[in-house]
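The next block holds one structure in the form of structure tokens; read it before the comments.
The values are calculated or read from the model by the stated rules, or taken from the named source; none is laboratory data. Just so we're clear, the structure is a prediction, and the values are computed from it rather than from any experiment. Note: ideal-geometry Cβ built from the backbone for every residue, glycine included; neighbour counts use all protein chains shown.
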Amino acid sequence: MYKITHPSSDFSRFFKQVIGGKDVCMIRKNVRLLVLDENSQYSESIRECAEMTHHSFDLEVKCVEDEGEARELIKSWDPSVIILDAYLPKSNSFSMLEGYLAELVPVIMASSTLSREIQRSAMAKGAVGYVEKSENFDELESLLTLLEDVSITFEQRH
């Protein structure tokens with residue numbers, strides 16, 4: 001899942017200057033992020049951070065609030081990685097993770113508070129990572145790097 005970036009992109013213009021003016025096409029990875037969280041503000045913060053920073057991948061973000069919507073999008077959209085809220089009001093996130101999600105796509109568990117207990121439980125049930133939800137720009141940028149790493153590692157295994 002890669003796409004060719006047109007030679008007129010900002011990075012391509014910079015790279016053309018570095019290599020002496022030749023046209024360049026870059027291959028960029030396309031990461032499809034599904035955020036399963038009742039609060040869409042978190043996914044909006046991720047999307048805004050991705051738009052403001054220049055990563056080596058393009059990020060598509062979709063946010064759903066419940067398990068039913070998530071199942072539909074997993075089938076129809078084939079996300080690269082999922083961020084799953086540890087505390088969903090209508091579903092048990094840990095049962096979802098252990099029951100089917102971890103088999104289908106890499107899952108990063110997220111919660112509003114940093115908890116070693118949640119982290120241990122999530123990792124034991126198949127999550128590939130755990131993050132504290134934050135709208136801090138530096139922490140979101142670190143999350144974006146993690147998303148790319150996780151999706152590449154998962155693709156290499158399958």
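Against the definition (farther than 14 Å from ILE46 by Cβ, surrounded by fewer than 18 Cβ atoms within 10 Å (Cβ to Cβ), in contact with a strand residue (DSSP E or B) (Cβ under 8 Å, 6 or more places away or on another chain) and of a type outside the set (S, T, N, Q)), how does LEU114 come out, yes or no?
Yes, satisfied.
So in region 59-75, with the set limited to residues that are of a type in the set (A, V, I, L, M) and in contact with a helix residue (DSSP H, G or I) (Cβ under 7 Å, 6 or more places away or on another chain), which one is nearest to TYR87 (Cα to Cα)?
If we take residues in region 59-75 being of a type in the set (A, V, I, L, M) and in contact with a helix residue (DSSP H, G or I) (Cβ under 7 Å, 6 or more places away or on another chain), then VAL64 is nearest to TYR87 (Cα to Cα).
Quick one: which residue in GLU44, GLU51 is surrounded by fewer than 14 Cβ atoms within 10 Å (Cβ to Cβ), charged (D, E, K, R), modelled with pLDDT of 50 or more and closer than 18 Å to GLU141 by Cα?
GLU51
Within region 59-66, is there a residue that is at pLDDT 50 or above, farther than 14 Å from SER151 by Cβ, of a type outside the set (Ser, Thr, Tyr) and surrounded by 19 or more Cβ atoms within 10 Å (Cβ to Cβ)?
yes
Which one of the conditions (1) within 22 Å of GLY129 (Cβ to Cβ); (2) out of contact with any strand residue (DSSP E or B) (no Cβ under 6 Å at 6 or more places or on another chain); (3) modelled with pLDDT of 70 or more; (4) not β-branched (Val, Ile, Thr) does SER76 fail to meet, given that it meets all the rest?
(1)
State which residue is farthest from SER80 (Cα to Cα) when the search covers only region 96-111 and only residues that are more than 13 Å from the chain's Cα centre (by Cα) and buried (at least 20 other Cβ atoms within 10 Å of the Cβ).
MET96
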